[in-house]
Amino acid sequence: MKYSVLTFGCQMNISDSERIHTQMKQAGFAFHPTWEEADLVIMNTCSVKQKAEDKVWGQLTKARAIRKKNPKFRVGLTGCMVRDSGVAERWGELVSKDRLFASTDNLDFVFRIEDLPKVPSYLSVLYGENLGQDYADEVESYFHVQPDYEKSFQVFVPVQTGCNKYCTYCIVPFTRKREISRPMQEIIEEVRELVEKGAKEVTLLGQTVNSYRHRSSTTEYSKNNFAELLYQINKIPGLDRLRYTSPHPMDFDDELLRAHKELPSMCNHVHMPLQSGDNEILRRMNRKYTREQFLDVVQRLKAAVPDVTITTDVIVGFCGETEEQFQQTVSMFREVGFDMSFTSRYSARKGTYSAKHFEDDVTPEEKARRWHYLNEVMIEQLKEKNARYVGHYFPVLVERILEDGRGEGQTRCAKRVQFQGVDRSVVGSVVPVKMTQSLPFLLLGEALTSS
């Protein structure tokens, strides 16, 4: 039988999908790249924004038509939209009480990602035969499912799951539950094995990754286990680039700053979500820091790593946000000089504190205006910042070759680059590239050839 996976959302979901691939293959399924032609599809969902959920519901509607043509077609959901694992009631066993089944009859099973080892049991119910249950019984945790990596040279490694921050707009603490950090040695061994197999770049993942806590035998890093983890991973021979995402500003302490300054493998890029530049809005969001505290982290980071690039996440049009408060976010953009922002318009998520207690009183038209305005500010800044790279060489990890023969990859500071002068043999390698032209979201260049 053939299966396919549709992934929506962040890098954590991409990493989780790599583990789903392994579990499905262990159950005897063969991957098919076109989900409409498969016998089973698993949708790994995101519910951070309404738009993300709408995409999933649109695909579920499409799946209904496929089921009419293929009665054996099955549909499963995982990710942030799922609260309770199990199969639809019509299948009779291992039944889930998830609210999703009340909204559609086109679902066969759902599972929280930490219940990934239970998926063979659900599949066995759906298909009436043992599908990988023997393998599943040996897996203690979903972290122990070996990922089927899409790229062996560029990999994601989750170090924790869940979140304890409870931002008022966010559903993640209710879907992924409270933080659980993996044992440090387990992470180190996984990274070591990946590097031995050719990984050049490793990105550590967590909802608030720098709140990682798992006490080891050492006492040098008394405050921040995440900094200790970085130092230990940096010792692995052959690792070229080490990244992480996403940190929380309140867990960005001096030990982590020291790691950025001292470790050769640390990339000079940090993605640090701001969400708003106004203190009252930050308080209503329950972000647990002020504008001034965020700026202090940025200033200390730039002092430790002068050439660091900082990207961020921002929400415009949060409940009660006035024009004056929005302008505080605009001024924050200019003061920090972000290299990129993933800006979204606030949408109430059912079950969150803000949806229950705050009025979503900024009109869609005003949210759109603020979204466009902030993006124009960002583009204005990027034109100036990216122009500084022109005429200089930077090492670029080649991720793929485009149809026109150019290479594409990114620098250590997370600038995306397209460049001439390479062929497919260099995919997965780091090559020096001279930047010849800058665009707001892209640098163009020429690879340095052996001649």
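Restricting to segment 80-113, and then to whatever is in a helix (DSSP H, G or I) and not charged (D, E, K, R), can you tell me which residue is surrounded by the most Cβ atoms within 10 Å (Cβ to Cβ)? Break it down into steps so the answer makes sense when it comes.
Pass one, segment 80-113, residues in a helix (DSSP H, G or I): 89-91, 100-103, 113.
After this cut, where a residue has to be not charged (D, E, K, R) as well, the list is 91, 100-103, 113.
Details: Trp91: 16, Leu100: 18, Phe101: 21, Ala102: 8, Ser103: 11, Ile113: 23.
Restricting to residues being in a helix (DSSP H, G or I) and not charged (D, E, K, R), the top hit is Ile113.
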Practice problem: Being hydrophobic (A, V, I, L, M, F, W, C) and assigned to a helix (DSSP H, G or I) is the filter; apply it to segment 51-74 and report the residue that is farthest from Leu126 (Cα to Cα). | Solution: Ala52
Quiz item: Only one of (1) within 30 Å of Leu374 (Cβ to Cβ); (2) in contact with a strand residue (DSSP E or B) (Cβ under 8 Å, 6 or more places away or on another chain) fails for Leu239. Which number is that?
Solution: (1)
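Are there any helices (runs of 4 or more DSSP H) wholly within segment 114-204 with 3 or more residues that are under 16 Å from Gln26 (Cβ atoms), and if so which?
On the way: elements: 119-127, 133-137, 172-175, 184-196.
Fully inside segment 114-204 and qualifying: 119-127, 133-137.
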Exercise. Would you point out the residue of segment 7-27, among those that are small (Gly, Ala, Ser) and not in a helix (DSSP H, G or I), that is farthest from Thr45 (Cα to Cα)?
Key: Ala27
Exercise. Please verify whether segment 302-309 includes one or more residues that are in contact with a strand residue (DSSP E or B) (Cβ under 6 Å, 6 or more places away or on another chain) and closer than 16 Å to Leu204 by Cα.
Key: no
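Given the residues Val427, Val422, Val398, Val431, which is the only one that is buried (at least 16 other Cβ atoms within 10 Å of the Cβ), of a type in the set (A, V, I, L, M), more than 26 Å from Glu376 (Cβ to Cβ) and in contact with a helix residue (DSSP H, G or I) (Cβ under 9 Å, 6 or more places away or on another chain)?
Working: Val427 fails: in contact with a helix residue (DSSP H, G or I) (Cβ under 9 Å, 6 or more places away or on another chain); Val422 fails: in contact with a helix residue (DSSP H, G or I) (Cβ under 9 Å, 6 or more places away or on another chain); Val431 fails: in contact with a helix residue (DSSP H, G or I) (Cβ under 9 Å, 6 or more places away or on another chain).
Result: Val398 is the single residue among Val427, Val422, Val398, Val431 that is buried (at least 16 other Cβ atoms within 10 Å of the Cβ), of a type in the set (A, V, I, L, M), more than 26 Å from Glu376 (Cβ to Cβ) and in contact with a helix residue (DSSP H, G or I) (Cβ under 9 Å, 6 or more places away or on another chain).
Looking only at segment 28-39, how many residues end up being crowded, with 20+ Cβ neighbours inside 10 Å and either of a type outside the set (A, V, I, L, M, F, W, C) or assigned to a helix (DSSP H, G or I) (or both)? Quick ask: steps written out before the conclusion?
Taking segment 28-39 and keeping what is crowded, with 20+ Cβ neighbours inside 10 Å, we get 29, 35, 38.
Now drop any that are not either of a type outside the set (A, V, I, L, M, F, W, C) or assigned to a helix (DSSP H, G or I) (or both), which leaves 35.
The number of residues fulfilling the criteria is 1.
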Quiz item: With respect to the numbered conditions (1) surrounded by 18 or more Cβ atoms within 10 Å (Cβ to Cβ); (2) touching a residue at least 24 places away in the same chain (Cβ under 8 Å); (3) not in a loop (DSSP other than H, G, I, E, B), which one is the sole condition not fulfilled by Gln410?
Solution: (2)
Self-check item: Selected residue (criterion: farthest from Leu194 (Cα to Cα)) from residues of segment 227-243 that are surrounded by fewer than 21 Cβ atoms within 10 Å (Cβ to Cβ) and without any contact (Cβ under 8 Å) to a residue 40 or more places away in the chain
Solution: Tyr231
Practice problem: For segment 421-440, name all the residues that are under 26 Å from the mean Cα position of the chain (by Cα), more than 23 Å from Ser265 (Cα to Cα) and modelled with pLDDT of 95 or more. | Solution: Leu439
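The values are calculated or read from the model by the stated rules, or taken from the named source; none is laboratory data. Treat the numbers as computed from the prediction; the structure is a model and nothing was measured. All Cβ positions, glycine included, derive from the backbone under ideal geometry; neighbour counts span all protein chains shown.
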